Amino acid sequence: MMEWLTPLIVPFIVLNAILGIVTYVTLLERKFAARMQSRVGPYRVGPHGLLQPIADAIKLMMKEDVVPTAADRPVYNLAPIVFLIPCMLIFATIPFAPGLGVADLNIGILFFLAVSAMEIVGLFMAGWGSNNKYALLSAMRAVNQVISYDLPFIFAALVPVLLAGSLRLSEIAVAQAGLWFVFYPVIGQLAFVAFIVSTVAAENRAPFDILEAESELVAGFRVEYSGMKFAIIQLGEYAHVVGASFLGALLFLGAWAGPGPEWLGPVWFLVKAMFVFLLVTWVRWSFVRIRVDQILALSWKALLPATLVLLIATAVVVVWRGTPGV
Amino acid sequence: MTADAVAFWCLAVVLVGSALAVVLTKNLFHAVLWLALALTGTAGVFLLLDAEFIAAVQLLLYAGGIVTIVVFAIVVTERLVGERISQTSRRIAGGAVVAGGVLALILNAVRGQVFPAARPEMVGDLTRTVGETVMTRFVLAFELLAVLMLAALMGAIYFARPDD
Amino acid sequence: MSTIAPSTRVELDYTGSERLTMNMGPQHPSAHGVFRAILTLEGEQVVGIDAVIGYLHRCHEKLAETLTYAQYPSIASKTDYVAAMTSEFAYVRAAAMIGKIEVPKRAQYLRVIAAELQRVASHLLWLGTWCLDMGGALGGGATVFLYCIREREFILDLFESLVGARLLYGFYQVGGVRYDLPPGWAEQCRETVDFIDRRIGEYERMLEDNPFFLVRTQGVGVISRELAQGVGISGPLVRGSGVNYDIRRTEPYSSYEDFDFRVPVETGGDCYARYRVRMVEFRESLKIVRQALDRLPEGPISSRPGLKSVAQIRIPKGEAYARVEGARGEVGCYLIADGSAKPYRMKWRGASFSNLAILPHIIPGHKVADVVAIMGSVDPVFGEVDR
Amino acid sequence: MTLDQARTLIAERFPGAQAAGDSPMVVTVPADVWVPFARFAKETLGCWFFSFLTAVDWKEEGLEVVAKIDNVDEKLSLLVKTRLGPGVSACPSLTGVYRGADWMERECYDMFGIRFEGHPDLRRILLGDDWEGHPLLKSYPVDAPHPPFR
């Protein structure tokens, strides 16, 4: 009986935990940004504004759902869901502690990358379905950017894979028991920086948020969305960022490794993921947005060759030092 | 019926349905979305066959990459909003001949094959095996493919470049 | 407000596929008011722009014909509501020139202090919103914006204790100013000036050490010297294009000849050059305020001491054109008086109106993202454009 | 270039023009030399800065077009005026000489109904296309509501 239920219960728990984390990550970001800007941030709803995300969610649920008359209705309505599914699926392969995860695939990281590449379909559906020129332009930018930054993202993420000698995320985590990959001489730091940069870009966060670009394209591909559909898109975006933060913590910061008893592992993992998230947030709130052509140039002319060279260098080091870990 | 079979038939319906939709939809953009669904369904079939690596690559390259490029091509080349593009071909006869030929070919290949009753168990790490085979036994073909891709890329750049 | 005219679109020579016409505005996050730019796009590239203005038109010029010389200055500030002091200044100067009214020295100094503080406040808002345009309301731009607004508040506090209002002042009146400094104001002003001076350095480091900021501004929206001279742009725009034109220097008014300050001139002509000009102007304005506070003479604050209002003032027949260097350039008022209590004709020369006319000349050829950067660097205030 | 030199030059080239005052120097020219004078002011007197262009409605005496141009470097400031005459509402356009005259003339057309001949794109700029009348004319009633608010 229980064996049959486990494949249902574990994803249920993980999904809800992720939803909770993602909701509260918005509060974290807002508080963090507020501090950067000498503000207080949300403060009125609940003690220290702790209930703000819940209030936001309720507000968005109560809002009128507007569908533009000229919209491509089925596409417009489906887009938020198509956008959300990959953003949630990426958590499937992440092991939150030894043996605690939905599915520890032996191609874990590849699955992560493949699923997050699917996000673009939902994004494009939103951009097209809205029948709005801002949205369409934003979707076109999205294609440019996602294609450009998926490659450096993959190459940067492959460095720990090479070092660990496995695509399975749990094995990569275990391989860092001795030395977190971020501390791996030279290669680790460079790969981490490249990973952060391409995460910021692949997640469309400022200064690479040309999709949203509210000063040019108002709100980009989600300009026509309101109420719950808007909330779902927003949720998907934050989920993706949080997912990438977990991946970063797993690939470079030793996942659940940390002092204290073993059951503290998931907590350590969360703390590290939040550290990566705040790093991304810090970048977001400090830079002005750069232009489309400059973003593409940065990817194709700097980041892609750099990560490629880094990957080859890692391969050489791994071969020179003999068979990698595990 | 096992769970595998249920999943297979569900996927099959989705696959065939979406594949038909790709060619029957009048709206080009919708056709691409059906194509994305079809390709994702294919990835599902691979997953059922325990070929996780192929499934992931299918998603990464086809459902993610190729669909994006197709959509992009549509957006760049066609009138954007509200236009319906004719998708019917006037050369139905020729199409039927080609389709029939391909069908015959496939049927011919399938005919006479003996399918095992049960799927053999997976042995070892498939991903690792694929990697090793590609890098040893099929390294020449692999590299040739890479060269071909490079040539295609250069050709694309040549054609896309604005006339100076 | 007008429909698209194909003839004004500046077409670029290109051979390509289809063009997209995109409306930026009338309500748009980076319009700085209500402005509609009809962009013709070729992909991300802007190939044509038609600027549509007039959404905020209140026909100030007709309004002035129906109001007396004492009434109008208090709504003159509504033309350029971001730098309200300077538009009042231009009007009262024009009226005083026709009436040959001598303004007491103390009033002249007070006028200078208010005008320069207003310039700093206006530039602070410009810097904040410009970064907001480029950096996004959910990004680094918002950080700069909030810092700038914080500093601007201090200046508005000063104005509040001086006039009682924070946005539209009515501080200037024909023949003088309306209020003298309240006790303790000078010290508070000095503190504010020092504080802002320090902050300006902080922003300079924050922005100029940021490569993203540099790539977004350098070489973008270049106005050549020739173009700048032809279109009639003024203020930081024309000074960013290598033209040394500052009315405070070429035609000193209100005792500006007493003060020691530098007129910054940059030769780049791009957004960055305009940014640099304004950053130097911050410092120079603060310098002028310090000097004016130090040398503030005693005496009456109006040409009619003892009289609280000069509503009774009658301006003889005549005409005059008075201009002041506002935050955005030459703010001028052309006034024709017919001897009655109200002007016969009044013309506002809004700096933003002429400055905005540069857009169709420089925007084509840039990317969509550059449009907002260039718009922001022009710093239009639509109250002044539409009047 | 001093003011006197400028005055002499103007008197030589344009006998019909009257120059008075010095800051700004008010030059009244006949309407037929409006554009030649502007070109002369720009090229010979060096007045490159086009400050503004507007008009004044002198009721039965007709409209007067006023333009302010400056030679910033030599502090020469010209206020150029021309009377169009009663009932006349056409004036040559300065856009060929000063690019900045484009919007100014459009505004002037909008407010006074003066047709600037030779303007590349003369249409309303501040008011809506469907606006009736030209508000800055003295004959335009201030109190009566106008369509579409009648």
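The values are calculated or read from the model by the stated rules, or taken from the named source; none is laboratory data. Keep in mind the model is a prediction, meaning the values are calculated, not measured. Cβ atoms come from the backbone with ideal geometry, glycine included; neighbour counts cover every protein chain shown. With ligands, DNA and RNA removed, areas are computed over all heavy atoms of the protein, side chains included. Shrake-Rupley method; radii C 1.70, N 1.55, O 1.52, S 1.80 Å.
I want to verify the translational diffusion coefficient of region B:7-68 in µm²/s; compute it with Stokes-Einstein, Rh as the Kirkwood radius over Cα pairs, at 20 °C and 1.002 mPa s.
Approximately 185 µm²/s, per Stokes-Einstein.
Within straight cross-link reach of A:Lys229, meaning Cα distance under 21 Å, which lysines are found once same-chain residues fewer than 8 apart are removed?
The reachable lysines, counting only those whose Cα sits under 21 Å from A:Lys229, are A:Lys59, A:Lys63, A:Lys133.
If each Cα of the protein assembly as shown is one equal point scatterer, what is log10 of I(q)/I(0) from the Debye formula at q = 0.06, 0.07 Å⁻¹?
-0.57, -0.73
What shape does region C:36-146 have by the C-alpha gyration tensor, where a ≥ b ≥ c are the square roots of the eigenvalues, rounded means a/c under 1.5, and otherwise prolate means a/b greater than b/c and oblate the rest?
oblate
Using a 10 Å cut-off around each Cβ of peptide D:94-101, what is the average number of partner chain Cβ atoms that fall inside?
Taking the mean over all residues of the peptide, I get 3.
Dividing the alpha-carbon radius of gyration of region A:20-62 by 2.2 N^0.38 Å (N being the number of residues), what value is obtained?
Against the empirical 2.2 N^0.38 Å value, I get 1.13 for region A:20-62.
Could you tell me the distance between the Cα centroids of region A:117-154 and region C:106-176, to the nearest Å?
Value for the Cα centre distance between the two parts: 40 Å.
Could I get the Rg over Rh figure for region A:15-166? Both from C-alpha atoms, Rh via Kirkwood, rounded to two places.
1.03
Please check which bits of region A:168-212 a label hung off A:Trp320 would reach, taking the label as a point 7 Å along Cα-to-C-beta and the cut-off as backbone N under 15 Å.
A:185-188
Quick one: Karplus J couplings for region A:7-17, per residue in order, coefficients 6.51, -1.76, 1.60, θ = phi - 60°, nearest Hz, x for Gly and Pro?
Working through the residues one at a time gives x, 8, 6, 4, x, 4, 5, 4, 4, 5, 4 Hz.
If R₀ is 35 angstrom, what is the calculated FRET efficiency for the pair B:Thr129 and B:Ala109, using the beta carbon separation as r and rounding to 0.05?
So, using R0 = 35 Å, E works out to roughly 0.90.
Need one value: the accessible area of A:Val40 in square angstrom, 1.4 angstrom probe, rounded to the nearest 10.
Its accessible surface works out to 70 Å², give or take rounding.
About the Cα centre of the protein assembly as shown, how large is the charge dipole given +1 on each Lys and Arg Cβ and -1 on each Asp and Glu Cβ? Please answer in debye to the nearest 20.
Its charge dipole is roughly 1000 debye.
For A:Lys272, go through the lysines and keep the ones whose alpha-carbon is under 25 Å away, minus same-chain ones fewer than eight residues off.
Partners within reach: A:Lys31.
Report D:Thr44's accessible area, 1.4 Å probe, all protein chains in place, as a number in Å² to the nearest 10.
60 Å²
To the nearest 500 deg cm²/dmol, what mean residue ellipticity at 222 nm is calculated for chain A from DSSP H runs of n ≥ 4 alone, each contributing -39,500 (n - 2.57), summed and divided by the residues?
Result for chain A: -22000 deg cm²/dmol, rounded to the nearest 500.
Gaussian network model of chain C, Cα springs within a sub-10 Å range: biggest mean-square fluctuation belongs to which of C:Pro264, C:Pro182, C:Pro343?
Highest fluctuation of the listed residues: C:Pro182.
So if we plug the beta-carbon distance of D:Val88 and D:Arg123 into 1/(1 + (r/R0)^6) with R0 = 22 Å, what FRET efficiency do we get, rounded to 0.05?
0.60
Two decimals is fine: what's Rg over Rh for region C:113-261, C-alpha atoms, Kirkwood radius as Rh?
Rg/Rh for region C:113-261 comes to 1.00.
Count, for each residue of A:103-109, the Cβ atoms from other chains sitting within 10 Å of its Cβ, then give me the mean as a whole number.
Shielding by partners across A:103-109 averages 4.
Under the rule of at least 5 residues apart or a separate chain, name every residue whose amide H is placed under 5 Å from the amide H of D:Ser51.
For D:Ser51, the qualifying residues are D:Lys68, D:Ile69, D:Asp70.
For C:Glu319, C:Glu204, what's the largest-to-smallest order of accessible area, 1.4 Å probe?
Largest accessible area first, the residues go C:Glu319, C:Glu204.
Hey, what do the phi angles of region C:218-229 turn into as Karplus ³J(HN,Hα) couplings, whole Hz, using 6.51/-1.76/1.60 and θ = phi - 60°, x for Gly and Pro?
Using θ = phi - 60°, the values come out as 6, x, 9, x, 6, 9, 6, 4, 5, 4, 4, 6 Hz.
Under a crude label model (7 Å from the Cα following the beta-carbon direction), how far is A:Arg73 from A:Tyr24 in nanometres?
Placing both labels 7 Å along Cα→Cβ, they lie 4.1 nm apart.
How large is the helix-only mean residue ellipticity at 222 nm for chain D, computed as the sum of -39500 (n - 2.57) over DSSP H runs with n ≥ 4, divided by its residue count, in deg cm²/dmol to the nearest 500?
Numbers: 3 runs with 33 residues, N = 150.
After summing the helix terms and dividing by the residues of chain D, the value is -6500 deg cm²/dmol.
Provide the solvent-accessible area of A:Leu15, counting protein heavy atoms only and rolling a 1.4 Å probe, rounded to the nearest 10 Å².
Here the residue's solvent-accessible area equals roughly 80 Å².
Enumerate the amide H contacts of D:Ile125 below 5 Å, restricted to partners 5 or more residues apart or on another chain; note that Pro and chain-start residues carry no placed amide H.
Distant-sequence amide H within range of D:Ile125: D:Asp110.
With each label point set 7 Å from Cα along the Cα-Cβ vector, what nm distance links C:Asp294 and B:Val97?
For the pair C:Asp294/B:Val97, the computed spacing is 9.7 nm.
FRET efficiency for B:Asp4 and A:Thr6, Cβ-Cβ distance as r, R0 = 22 Å, nearest 0.05?
Taking R0 as 22 Å, the efficiency between B:Asp4 and A:Thr6 is 0.75.
For the protein assembly as shown, build the charge dipole from Cβ charges (+1 Lys, Arg; -1 Asp, Glu) around the Cα centre, then report which of C:Gly25, C:Gly332, C:Ser122 sits farthest towards its positive end.
Going by the charge dipole, the pick is C:Gly332.
Which lysines does D:Lys75 reach when only Cα atoms under 25 Å apart count, and residues fewer than 8 places away in its own chain are ignored?
By straight Cα distance, D:Lys75 reaches C:Lys100, C:Lys105, C:Lys347, D:Lys42.
In degrees from 0 to 90, rounded to the nearest 10, what is the angle of the helix C:185-208 Cα long axis to the longest principal axis of chain C?
The two axes meet at around 10 degrees.
How far is it, in nm, from the label point at C:Arg249 to the one at A:Leu264 when both lie 7 Å from their Cα along the line to the Cβ?
Between C:Arg249 and A:Leu264, the simple spin-label model gives 6.6 nm.
Residue-wise, which Karplus ³J(HN,Hα) couplings in Hz belong to region B:13-26, taking 6.51 cos²θ - 1.76 cosθ + 1.60, θ = phi - 60°, and x for glycine or proline?
4, 4, 4, 5, x, 5, 5, 5, 4, 4, 8, 9, 5, 7
Just reorder C:Lys317, C:Lys105, C:Lys347, A:Lys31 by solvent-accessible area, largest first, 1.4 Å probe, all chains present. Intermediate values should be presented prior to the final figure.
Working: C:Lys317 160, C:Lys105 90, C:Lys347 5, A:Lys31 45 Å².
From most accessible down to least: C:Lys317, C:Lys105, A:Lys31, C:Lys347.
If each Cα of region C:109-200 is one equal point scatterer, what is log10 of I(q)/I(0) from the Debye formula at q = 0.10, 0.12, 0.22, 0.25 Å⁻¹?
Treating every Cα as an identical point scatterer, log10 I(q)/I(0) equals -0.29, -0.41, -1.06, -1.25.
Counting partner chain Cβ atoms within 10 Å of every residue's Cβ in C:207-215, what's the average?
Partner Cβ neighbours, averaged per residue: 3.
Report, in deg cm²/dmol and to the nearest 500, the calculated mean residue ellipticity at 222 nm for chain C, where each DSSP H run with n ≥ 4 adds -39500 (n - 2.57) and the sum is divided by the residue count. Write down the numbers at each step before the final one.
Details: 15 runs with 178 residues, N = 387.
Counting only the DSSP helices, I get -14000 deg cm²/dmol.
Per the Kirkwood treatment, what hydrodynamic radius in Å, one decimal, follows for chain A from the mean inverse distance over all distinct Cα pairs?
In chain A this quantity evaluates to 20.5 Å.
Quick one: which residues, 5+ away or cross-chain, put their amide H under 5 Å from the amide H of C:Tyr344? H built at 1.01 Å from N.
Result for C:Tyr344 returns C:Ile336, C:Ala337, C:Asp338.
Place a point 7 Å from the Cα of B:Leu48 along the Cα-to-Cβ direction; which residues of region B:9-24 have their backbone N under 15 Å from it?
Output list for this probe position: B:9-19.
Rounded to the nearest 20 Debye, what is the dipole magnitude of chain C about its Cα centre when Lys and Arg each give +1 and Asp and Glu each give -1 at the C-beta? Intermediate results must be reported in sequence, preceding the final value.
Working: 45 positive and 46 negative charges, 245 e Å.
So the magnitude is around 1180 debye.
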